[in-house]
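S.K.: Shown below is the structure under consideration.
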Amino acid sequence: MTTAVLNVKITAELKEHLRHYAESNNETLSAATERLLQLAFESAEEAGVSEEDVDSQHTEEEVTPLTPKEIKALRKFLKKKK
C-alpha cells in the first residue's frame, strides 16, 4: 500500500473534535482520519449512495492538451522566472 498526502481545510472545531477522537482511541490524527474516511465510504456504499448523489454539481474537470501557442507562452513565462 502506498500513501499519499491529503491537505484539507476544516473548521478548528472539527479538527479539535478529530484530535480528541484520535487521542481517546490511541491513534495518530492521520490514522484516525484515514479510518473515519474509510468508514464513511463503506457506509455510503452500504446505503446505496451513488457518485451522482455525491457529486451533484458535476465538478469533474475535462482535460484538454495545450495548444502549441499555449506551450510557447508557458515556456516564455518559465524562462522569465529563471
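S.K.: Checking the structure you have, find out if any residue of segment 58-73 is surrounded by 10 or more Cβ atoms within 10 Å (Cβ to Cβ) and modelled with pLDDT under 85.
M.R.: no
S.K.: Could you check segment 24-49 and list, in sequence order, the residues that are under 15 Å from residue 7 (Cα atoms) and among the charged types (D, E, K, R)?
M.R.: Result: 34, single match.
S.K.: Sticking with this structure for a sec: Cβ-Cβ under 7 Å, sequence separation 6+ or interchain: first residue in segment 24-50 and under 23 Å from residue 8 (Cα atoms), partner assigned to a helix (DSSP H, G or I) and among the aromatic types (Phe, Trp, Tyr). Which pairs?
M.R.: Pairs that qualify, where the first residue is under 23 Å from residue 8 (Cα atoms) and the partner is assigned to a helix (DSSP H, G or I) and among the aromatic types (Phe, Trp, Tyr), are 32/21.
S.K.: Give me the pairs: first residue in segment 1-23 and in contact (Cβ under 8 Å) with a residue 12 or more places away in the chain and in a helix (DSSP H, G or I), second residue of a type in the set (Ser, Thr, Tyr) and surrounded by 10 or more Cβ atoms within 10 Å (Cβ to Cβ), beta-carbon distance under 9 Å, and six or more apart or on different chains, which are they?
M.R.: Close Cβ pairs satisfying both conditions: 18/33.
The values are calculated or read from the model by the stated rules, or taken from the named source; none is laboratory data. Just so you know, these numbers come straight off a predicted model, no measurement behind them. Reconstructed Cβ throughout: ideal geometry from the backbone, glycine too, with neighbour counts over all protein chains shown.
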